[in-house]
Structure formats: C-alpha cells, structure tokens
Amino acid sequence: MTAPLLALSDVVKHFPAGRAGWFARPGTVHAVNGVTLEVGRGETVAVVGESGCGKTTLARLAVGLYPPTAGAIAIGGTDIGGLSPKALKPYRRRVQMIFQDPFGSLNPRLPVSAILGEPLVIHGLGGRAERRRRIEEAAQAVALQTGQLDRYPHEFSGGQRQRIAIARALILRPDLLVADEPLSALDVSIQIAILDLFRALKRDFGIALLFISHDLAVVDLIADRIAVMYLGHIVEVAPRSDLFRAPAHPYTRALIAAVPVMGRGKRGPGAAAKAALKGDVPDPLDPPVGCPFHPRCPRAEDLCRRVAPKLEPVALSGAGHRAACHFRDAVAALGAP
Amino acid sequence: MSDGTEPLVAVRDLLVEFPVEGGVVRAVDVVSYDIAARRTLGVVGESGSGKSVAALALLRLIAPPGRIASGSIRLGDLDLLTLDEEDMRRVRGQRIAMIFQEPMTALNPVFTVGAQIAEVFRLHRGLAPRAAFDEAVAMLDRVGIPAPASRAHDYPHELSGGMRQRAMIAMALAARPDLLVADEPTTALDVTIQAQILDLMLELQAEFGMAVLFISHNLAVVSEVADDIMVMYAGRIVERAPADALIARPLHPYTQGLIAAVPRLAARDGGAGELHAIPGNVPNPLALPPGCRFSDRCPLADDGCRAAEPALIDVGGGRQVACFKARP
C-alpha cells in the first residue's frame, strides 16, 4: 500500500496564551489537540467547524507554516517534521495554500504575471521561456485571459483575485491544495464559479484538496470526506453521504440543523427547538474536562463530564465513519436531522 | 402594504449619491418602498447593490461627502428628511434603532454594557440612574445573557461574539423602537450562534411588536426571518414579493440566478447538487450597462433590455418586478 499524500498523526499545536501586559493571564491555547487525518491522492477532504475550532491552524500545519507542538506530519510517507528548511523545499512544492482574503494575499505592487511567476523563481524552476509558458498554462487553468497578465491586483474583482491566487498555487503543479475558506470573502453569485473551478481542478488534474470551511452547504458540494472539528479535536469524520445521512456526533447534528433552509418559510418556534444548541464555544484557554462538547450537548451524561470519548467507528455505517461520542451509535440511529 | 393600512415607513424616490474620483456614484438610485408596522422586510443584494446605504439613509447616517440628494422618507407623520438634527437624534434610538454586523461598531469600548444600555433608558425614557441600570440588567436578561447582573459590569471586549450581539440588540430595543434596522446582524457569527440570534430576534419582535428591516447577502437567512423580501441590484430594487412567493417563484432573472446559486444541503433539503453561477460581475457603478442594469449578465436580455430600463411595476399578489421579460 502506498503512503497517503498527506498524513497527520496525533498532531498537537499549542500557542502561548493570549493576554499579555497589565491584564496578563498565563496559559496555553490548545488550538489543535491530537488530530489524526489523512488525505489520499486526488481526494477532497473538507474540515468544517466554527471559529476557534482549530481548522485554520490545522491548514497551516498541513502546509508547514507552523511546526507542530507534537505529533507527525508526513507528505508521501516522509515525516517533514525533522527536515531542514532546505530539505523541506521539495515537499513545500507539493502542497500549496490558498487563503480566504484575495485582497490581502496578493502583492499589490506586482503585475499578475510576476505574482504567478514568483513561486517558480523561489524554487528556481525553468528558464525565461519555460516560466512564461507555465504562467500562461496556470492562467488558462483558472480561466484568466493572457491579456490580463500585465495588470495589477487592484484592477480585478474579488472573484478574479481568488482565481489569481489559485493560479499561483497551481503553478508549482502541486499534488495537494490547502484552501482556507476560499469562498467566504466572495459574493454569492461568484462563489459558485470558484467552487466549480475547484471541482474542475480535481477532475482534470487529479489534484487533492484539503478544504477548510465553516459552511456545510458548500462542503456538501465538493467533499469526498468530511471531518468536523470542535475545540481542537476532530469529533467526527465520515464519507460525505454518511455524515449527512447518519451524523453520529450531537455537534454534527446541531451544525447540520443550524444551516438555514431556503423555502421552508419563516422560522417558527419549532426551529428554535431544533437548533437547540445552547451557549457558546468554551474558552480554548480553559477547555472542559471530559468530552469537549459536553457543556453544550443536549445528551450529556455524567460519563461525558468525566471521560473524553475517542474517535471510534460508527457501527451503523461502513468503514471510515468514526465519531468521538460515547453515544455515537444511538445518535447515528436518529438519522438525518 | 397590500392590506390597505398605512405603512410605518414610506420611502419615495430616494437618491443617495457619493462623489468619487471620476464621477458620482448613485448608490441608491431613486427607489421607493414601504415598511409595514410589525412586519419584517428582508433586503437582499450583493456588495455594491445599495442595500446598506438604503438602510443608513433611513437614519440619515450617510457619511459625508455622501448625501441624500433627493426623495422623501416618511415615518408616520414625520418627514425625516426635513427634521432638524436634534429631532432626528430623538428619532434615532427612540423610533428607529439599528444593529450591525460588528457589534463593536455600536458598543463603546470604554463603558460597561450595563452603563451603555442604562444611558438609553435615561435619555429616551427619562429614568433615574439607578432605575435605568436595573432596567438595563432586565433587558440583558431578556436577550438571554446569563448572569445579567454581573455581566452588566463587563466591558464589550469581555463578551463573546454572540453575547456582544445580544448586548447590542438589548441596547437597540431598550427604547422600544417602532423599527429595528438590522444590517447583516448574523454574518460574522457561527451557524449555531446565528440560529440562536435569529430565534431571539423573532421572539423579541413578537413580544415588542417592532417592524424589522433585515439586510443580508444571504438569501437563505433572509427567507427564515422575513415576511417580504426586496432584492436590490446596482442601486435599484429589481423585485419585491412575499418571502415564500419570492423563493418559490422568483420573477426577475437576477433573483432566479441568486436562488440557483445558494448551496443547499442535498441530503436534507433535496436540492440541486448542481448550482449555477451568474456569469460576469456586478457592474462598475460609474459605468453601468445601458438599459437594464442586469442586461450584461442576463440570459434573457435582448435589444429592448439594452435600450431602456424597466420600471418596478406591480404584478399582483403583493409583488413588484422590474423586468421586461418577467411574466407573473
């Protein structure tokens, strides 16, 4: 069996605590707390969760922007943790990142051709003619006109800028794109065009995708597998259809139920009862004991307040569906929310 | 509106202009609409559609050099555009209140939330400081803030995003306004918190009886709270209809495009699987296409659409649409 393209094993990332100065409160933010996740060749894995769940930190760990506090990150079977910056370079080429804000992630002083060519320069790839050819090829893959290559980022709309950012990521011909909320800054009518672009990259080039999003409705359109994060943990992971058909973690159920529905009419009192998630995400400086979700969980029992559940198989589903809930089988049996 | 009663707010031929380099942008370009008492009017549009400017104009909060160039806004007997600044200040807060996407734009960071809400009770209801603070605590309790008596002494930055949104709603509703203008009130929130805030707004509306102008780019969210929905595009209203009718049978090609572009959960809501992007981009406000402003992106556009701009006309059933091709 060949090694997966990307393998995170028990990855932990802690940051030194938030408050400094007069109101200092020492502590550690447990941003990612023991995550194991693989992305296969050509596979699209989505990571969903709310703000503060650790999904962006996970994305940055996957591309090597942060070193993990503990655990291993392997690309094509090679643990990149111990590598020198120089030895790391060829692996960085295989994994490229796309950020949420296409206004902040493009250098305003460079024309598009130079933005796209910069990774080639950094990695010392190709001569002048070869670089030009690859720039045009990447531009074509994202449907940018060759005539637009001499323009500057401010001359483009948000959707076009996101295309430029994607072209820049593609130019190194990576095996994996890590996209952190790539649609969130775009207008509704533009989002779908960018989503279609990701699907085309997957179909035409076999590129794998680690797609970070807060929006389950978007994820439903693109993911092969979905991992749900809460307070630094993966609480459920499943093939897309299993996750929506038989969510086995109460948090996943609540997330699905909270996605607004078009055409159901005005929310009635029933909607409130259905959403039924009380309270806020706990402070990551002071995570709860036991299951991280128990303070908000409608099913929490004494066991949940004492023992943190592990990510384990869901009996009702096929292989690959796992949830970190003591009552995962009973929850999955409830069916779609 | 259609039941023959007087609207709470009547906006007529409103024009809001912003001078920019190279011309004047008509952010809201001669629009007329009514807001009925006790009802929720949703306003949907993309960036640059004019939806937020139309809302700020109701409170006369257009930042210079932008200005309301012409038109009228009536609130009951008051003609808001002719009031002096002091009378207008009384209208803000007392008759019309506003909440925003980012609560920190409305909450003062150097005062406790209790003190800020108490100030509304002192200014608009003339309560003594002690009584005003007690009312503020009661209001925090009403919007679902746990331990309100101690939370009232917190500064805004000490509250979570969802709690801040609740505190802002408490402040907005403290003077029992007739109209609450909510500009993307849940956009910055996580979905589970968004659901809580939407439920809270509906509950408070039922209890206090105010009208709500709910502005969002998210048609699905709007459809969950609104009685009527108004769709804006490039400074104009292109369609208005009862919410259910608009979603079930959109008449304007832009509304149809927006609905087709909203991702749905296939397993739960049935649905699409396939989504359709609207081709092209929102037009540059200084270089609008001739005729209908949507004509350069519209699948149905013909020479007639590029020659003249369709007016917003009544098509029955409480619906209005601005399209030559729309057939009710």
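The numbers here are math on the coordinates, done by the rules we state, and not lab data. Not measured: the values here are computed from a predicted model. Neighbour counts are summed over all protein chains in view; Cβ atoms, including those assigned to glycine, are modelled from backbone coordinates with ideal geometry.
Could you tell me what fraction of 2.2 N^0.38 Å the Cα radius of gyration of the range A:239-337 comes to, as a two-decimal ratio? Let's see the in-between values first.
Values: Rg = 14.4 Å, N = 99, 2.2 N^0.38 = 12.6 Å.
Taking the Cα Rg and dividing by 2.2 N^0.38 Å, one obtains 1.14.
Mind listing the phi-derived Karplus ³J(HN,Hα) values for the range A:213-226, rounded to whole Hz, using 6.51, -1.76 and 1.60 with θ = phi - 60°, and x for any glycine or proline?
After applying 6.51 cos²θ - 1.76 cosθ + 1.60, I find 7, 9, 10, 4, 5, 6, 4, 4, 8, 9, 7, 7, 10, 10 Hz.
For a Förster distance of 45 Å, can you work out the FRET efficiency between the beta-carbons of residue A:122 and residue A:315, rounded to the nearest 0.05? Kindly include the intermediate steps, with their values, before the conclusion.
Numbers: r = 49 Å, r/R0 = 1.09.
The calculated FRET efficiency here is 0.35.
Which of the pairs A:13/A:278; A:266/B:51; A:89/A:310; A:86/A:202; A:266/B:325 have their Cα atoms more than 25 Å apart in this structure?
Details: A:13/A:278 28 Å; A:266/B:51 21 Å; A:89/A:310 35 Å; A:86/A:202 29 Å; A:266/B:325 29 Å.
Where the Cα-Cα span goes over 25 Å, the pairs concerned are A:13/A:278; A:89/A:310; A:86/A:202; A:266/B:325.
Normalising by the residue count of the range B:11-149, find the relative contact order in percent from Cα pairs under 8 Å and 6+ residues apart. Walk me through the numbers before you get to the answer.
Working: 143 pairs, mean separation 24.8, N = 139.
Dividing the mean separation by the residue count of the range B:11-149 yields 18 percent.
Given an 8 Å cut-off on Cα distances and at least 6 residues of separation, report the relative contact order of the range B:105-176 as a percent. Walk me through the intermediate numbers first.
On the way: 89 pairs, mean separation 29.9, N = 72.
It comes to 42 percent, rounded to a whole number.
Quick check: Cα centre of the range A:147-162 to Cα centre of the range A:277-306, how many Å?
The two parts, judged by their Cα centres, are 45 Å apart.
Taking 20 °C and 1.002 mPa s as the conditions, I'd like the Stokes-Einstein D for chain B in µm²/s, using the Kirkwood hydrodynamic radius from alpha carbon pairs. Don't jump to the answer; show the numbers that get you there.
Numbers: Rh = 20.9 Å.
D, rounded to a whole number, is 103 µm²/s.
Please arrange B:13, A:101, A:280 by counting, for each residue, the other beta carbons lying within 10 Å of its beta carbon, fewest first. Let's see the in-between values first.
Working: B:13 10, A:101 16, A:280 20.
Least crowded to most crowded, the residues run B:13, A:101, A:280.
So what is the relative contact order for the range A:230-337, in percent, with contacts set as C-alpha pairs under 8 Å and at least six apart?
On the way: 145 pairs, mean separation 45.3, N = 108.
Taking the mean separation of contacting Cα pairs over the length of the range A:230-337, I get 42 percent.
In whole Hz, what ³J(HN,Hα) sequence does the range A:44-60 give by Karplus (6.51, -1.76, 1.60; θ = phi - 60°), x for Gly and Pro?
Per-residue couplings from phi come out as 9, 10, 9, 10, 10, x, 8, 4, x, 7, x, 5, 5, 4, 4, 4, 5 Hz.
Report ³J(HN,Hα) in whole Hz for each residue of the range B:216-226, in order, from the Karplus equation J = 6.51 cos²θ - 1.76 cosθ + 1.60 where θ = phi - 60°; Gly and Pro get x.
7, 7, 9, 4, 5, 5, 4, 5, 7, 10, 8
Arranged by the count of other C-beta atoms within 10 angstrom, fewest first, what order do B:62, B:313 take?
On the way: B:62 18, B:313 12.
So the ranking, lowest neighbour count to highest, is B:313, B:62.
For chain A, rounded, prolate or oblate, judged on the Cα gyration tensor with a ≥ b ≥ c (square roots of eigenvalues), a/c < 1.5 rounded, else prolate if a/b > b/c? Write down the numbers at each step before the final one.
Details: a/c = 1.81, a/b = 1.55, b/c = 1.17.
Prolate, because a/c is 1.5 or more and a/b exceeds b/c.
Add +1 for every Lys or Arg and -1 for every Asp or Glu among the other residues with Cβ under 14 Å from the Cβ of residue B:13, and state the total. Don't jump to the answer; show the numbers that get you there.
Working: positive: B:12, B:26, B:74, B:236; negative: B:17, B:29, B:34, B:79.
So the surrounding residues net to 0.
On a C-alpha basis, how far is the centre of the range A:51-109 from the centre of the range B:169-248 in Å? Whole number, if you could?
If we compute the Cα centre of each part, the gap is 39 Å.
What translational diffusion coefficient, in µm²/s and rounded to a whole number, does the Stokes-Einstein relation yield for the range A:98-162 at 25 °C and a viscosity of 0.890 mPa s, taking the hydrodynamic radius as the Kirkwood radius over Cα pairs? List each step's numbers first, then the result.
Details: Rh = 12.2 Å.
Once the numbers are plugged in, D ends up at 201 µm²/s.
Sum -39500 (n - 2.57) across every DSSP H segment of at least 4 residues in the protein assembly as shown, then divide by the residue count to get the 222 nm mean residue ellipticity, nearest 500.
Working: 24 runs with 220 residues, N = 665.
Here the helix-only value at 222 nm equals -9500 deg cm²/dmol.
Give the long-range amide H neighbours of residue B:42: residues separated by 5 or more places, or on another chain, with amide H under 5 Å away, using H modelled in the peptide plane at 1.01 Å from N.
The list, which skips near neighbours in sequence, is B:214, B:227, B:228, B:229, B:230.
Rounded to the nearest whole Å³, what is the per residue volume of the convex hull around the Cα atoms of the protein assembly as shown?
Numbers: hull volume 118.2 nm³, N = 665.
About 178 Å³ per residue, rounded to a whole number.
Taking every pair of Cα atoms in the range A:179-257, average 1/r, invert it to obtain the Kirkwood radius, and report Rg/Rh to two decimals.
On the Cα set of the range A:179-257, Rg over Rh gives 0.97.
With a 10 Å Cβ neighbour count serving as the proxy for reagent exposure, in which order, fewest first, do A:207, B:68 appear?
Numbers: A:207 22, B:68 19.
Arranged by neighbour count, lowest to highest, A:207, B:68 become B:68, A:207.
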